[in-house]
Every structure is written in structure tokens, then in C-alpha cells.
Amino acid sequence: MNETFEQYVARILSYAGEDGRVHRTMLKRTPAALTRRIAGVSRRRLTRPPRPGKWSVRDILAHLSEVELLWGTRMRMVLGENGVLIVGMDQAVWARRYGRIDPRRALATFTELRRANVELLAGLRRPDYLRWGKHSQFGRLTIARMVALLSGHDINHSRQIQAILSPASSSEPRSSARRSRRLPNGSPRDVR
């Protein structure tokens, strides 16, 4: 998908909607949802890209953990100084090392960073969400908009992970302690 930066931002914000309470709920729920989604999935499947040139689940999880660190820092900078300059990041440079990151460790890092950021947000007052920084790409960026962008970003990448791990995208079964066998009449039977 070739889209401009403005088109990307519009798409991400369209996923998030307008309600800040929904954004914060999404931010709280994403780590557990991702943990459930990759439970029992082999490392091989998590590290295999769906197509050449596309990110694997591992790459997406590494990206989420680094973006969480980045946006958490940005929010804290804005809380410390209204109007602070915020420099953009080069995603391609950061992504070069994703192949060396363990997918489950990336998810654990994301989970802990997200917990800290959700706790920060829970302690903010309404006027705090209007504090802003001057971002090199986004322009004037309030904390409320950062939260909306993170929420939409979660939805975007959660959908990508869902698509990559959907049964139609791989012939490799999910590993699990529970496997299904067929009874003589053809009905499934779970065995441990």
C-alpha cells in the first residue's frame, strides 16, 4: 500500500474513532489480546514473514515495543514542557534489527511499557490531554491525539497479526497441548 504520511495518519485515526475513553480502554486491552493471539504459536511461524518484504509477527511485536517506548517518552516530554520539539523517527532504520529480537520478549517489553503508559494516562487530568508538542512530521501534537494515534496503531497492527496467523495464511497448525483427533464416525475428539 503506497500512501502519503497524511493518508496514513487519517487511516490510523479512522480506526481509533473519536472517543478518548475508548482509546484508553483499547490501550489497556491490547497486550492481553496479543498474548492470547500468539499463545501456542511456534517461534518459526512468528518469525516467518507472510510475503517477501513484509513484516513477520515478530517484527510487528518488536515495532510495537519500540513505538510504545517512543510515544511514552514523547508524552512525558510534553507533560514536562508544553510546546516541546518532538523529532520524528526513521522506522526503516529501527526495523533493521527486528530480526534479532525474540518475539515473546518483544511482547513482554511492550506489555510492561504499555502498563506504565496506561498508569501515566490514568493519573492525568482533562487539561493535561491538551498539552502539546511540536512534532517534525505530525505538527502540533496533543497528548489526546497521541493516545488516539496509539489506539489506531494498535488496531492496525493487531489486524496484521490476525491476518498473518489466520488459518488461511499458513498450513502449519498452531502448537498446543490439546490436539484434535477424529473418532471413527469422523467427529473430532480432543486428546492431551
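The table below lists the values:
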{"quantity": "Residue list for the stretch 111-137, filter: of a type outside the set (Lys, Arg), buried (at least 16 other Cβ atoms within 10 Å of the Cβ) and either touching a strand residue (DSSP E or B) at 6+ places or on another chain (Cβ under 8 Å) or at positive phi (or both)", "calculated": "TYR129, TRP132, GLY133, HIS135"}
{"quantity": "Segments classed as strands (runs of 3 or more DSSP E), wholly inside the stretch 38-149, with at least 3 members that are within 26 Å of GLU18 (Cβ to Cβ)", "calculated": "132-135, 139-142"}
{"quantity": "ARG29 among the basic types (Lys, Arg), assigned to a helix (DSSP H, G or I) and either without any contact (Cβ under 8 Å) to a residue 12 or more places away in the chain or within 26 Å of PRO167 (Cα to Cα) (or both)", "calculated": "yes"}
{"quantity": "In the stretch 83-110, the residues that are surrounded by fewer than 14 Cβ atoms within 10 Å (Cβ to Cβ) and more than 23 Å from PRO31 (Cβ to Cβ)", "calculated": "GLY83, LEU85, VAL87, GLY88, ASP90, ALA92, VAL93, ARG96"}
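FYI, it's all coordinate maths here, none of it is from the lab. All of these numbers come straight from a predicted model, not from anything done at the bench. Glycine also receives a Cβ, built like all others from the backbone with ideal geometry; neighbour counts cover every protein chain displayed.
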